[in-house]
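K.L.:
One structure coming up, written as structure tokens, with questions to follow.
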Amino acid sequence: MQITPEQAQIISEKWVEYWNNDSVEKYLTLYDDEATLVSSVALRLMPETFGRISGKSQMLKYWTLVRVNFPQFKFRINRTEIYENKVIVYYASIVDNSKVIAILSINEKLLIKKIEVSYV
């Protein structure tokens, strides 16, 4: 499946908007029920996962921990790119300008099925 530039823009904008302004539950509406997350922050907050979170129930637990431990995590998009079914979001923290890259693998329902996050 190929993501269009318009779809990528909508997905990335909602992804950041829902994180910055809404509940974790609303943020999770962007994800497939069986979605997977890979992140070094997941490794720090939930070491038993080895940095890999699977399924919405585990993501709810993880992102609730992120909100509690890092309430300053609010972001702005620097740019968005696409490659086949992947939306690559280059973004930065609003507070300290730290840079982050997220690769969002999108399924046929336009939901995120996998997210890989790297802090650079």
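Coordinate-derived values only; no laboratory data. Quantities reported herein were computed from a predicted structural model and do not represent experimental measurements. Every residue, glycine among them, receives a Cβ derived from its backbone with ideal geometry; neighbour counts consider all protein chains shown.
K.L.:
Just going by the charge dipole of the chain, with Lys and Arg at +1 and Asp and Glu at -1 on Cβ, which of Thr64, Ile53, Thr36 is farthest out on the positive end?
P.N.:
Farthest towards the positive end: Thr64.
K.L.:
Turning to a different aspect of this structure: In a GNM of the chain with a 10 Å cut-off on Cα contacts, which of Asn85, Asn21, Asn107 has the highest mean-square fluctuation?
P.N.:
Evaluated over the chain, the most mobile residue of the options is Asn21.
K.L.:
Now for a different question. Tell me which of Tyr27, Gln9, Val117 sits at the most positive position along the dipole axis of the chain, charges placed on C-beta atoms (Lys, Arg +1; Asp, Glu -1).
P.N.:
Val117
K.L.:
Please go through the stretch 51-120 and write out the GluC sites (Glu not before Pro) that DSSP classes as loop and that have at most 15 other C-beta atoms within 10 Å.
P.N.:
Values: sites: Glu81, Glu84, Glu108, Glu116; in loops: Glu84, Glu108.
Here the sparse-neighbourhood loop sites are Glu84, Glu108.
K.L.:
Could you tell me which trypsin sites (Lys or Arg not before Pro) in the stretch 44-120 are loop residues by DSSP with no more than 14 other beta carbons within 10 angstrom of their beta carbon? List each step's numbers first, then the result.
P.N.:
Values: sites: Arg44, Arg52, Lys56, Lys61, Arg67, Lys74, Arg76, Arg79, Lys86, Lys99, Lys109, Lys113, Lys114; in loops: Lys74, Lys109.
Within the stretch 44-120, the qualifying trypsin sites (Lys or Arg not before Pro) (loop, at most 14 other Cβ atoms within 10 Å) are Lys74, Lys109.
K.L.:
Next question. Rounded to the nearest 20 debye, what is the charge dipole size of the stretch 5-119 about its Cα centre when +1 sits on each Lys and Arg Cβ and -1 on each Asp and Glu Cβ?
P.N.:
Values: 15 positive and 14 negative charges, 63 e Å.
I would put it at about 300 debye.
K.L.:
Give the Debye-formula value of log10 I(q)/I(0) at each listed q (0.23 Å⁻¹), with one equal scatterer per alpha carbon of the stretch 5-119, two decimals each.
P.N.:
Each listed q maps to, in turn, -1.59.
K.L.:
Estimate the FRET efficiency between Ile94 and Thr4 by the formula 1/(1 + (r/R0)^6), using the beta-carbon distance for r and 35 Å for R0, to the nearest 0.05. Kindly include the intermediate steps, with their values, before the conclusion.
P.N.:
Details: r = 28 Å, r/R0 = 0.80.
Once rounded, the FRET efficiency stands at 0.80.
K.L.:
Amide H neighbours of Lys114 under 5 Å, counting only residues 5+ apart in sequence or on other chains, H built in-plane at 1.01 Å?
P.N.:
Residues meeting the amide H criterion: Thr36, Ser105.
K.L.:
With r defined as the distance between the Cβ atoms of Ile77 and Glu48 and R0 fixed at 30 Å, what FRET efficiency is calculated, to the nearest 0.05? Could the numbers behind the result be given before it?
P.N.:
Numbers: r = 32 Å, r/R0 = 1.05.
Plugging the Cβ-Cβ distance into 1/(1 + (r/R0)^6) gives 0.40.
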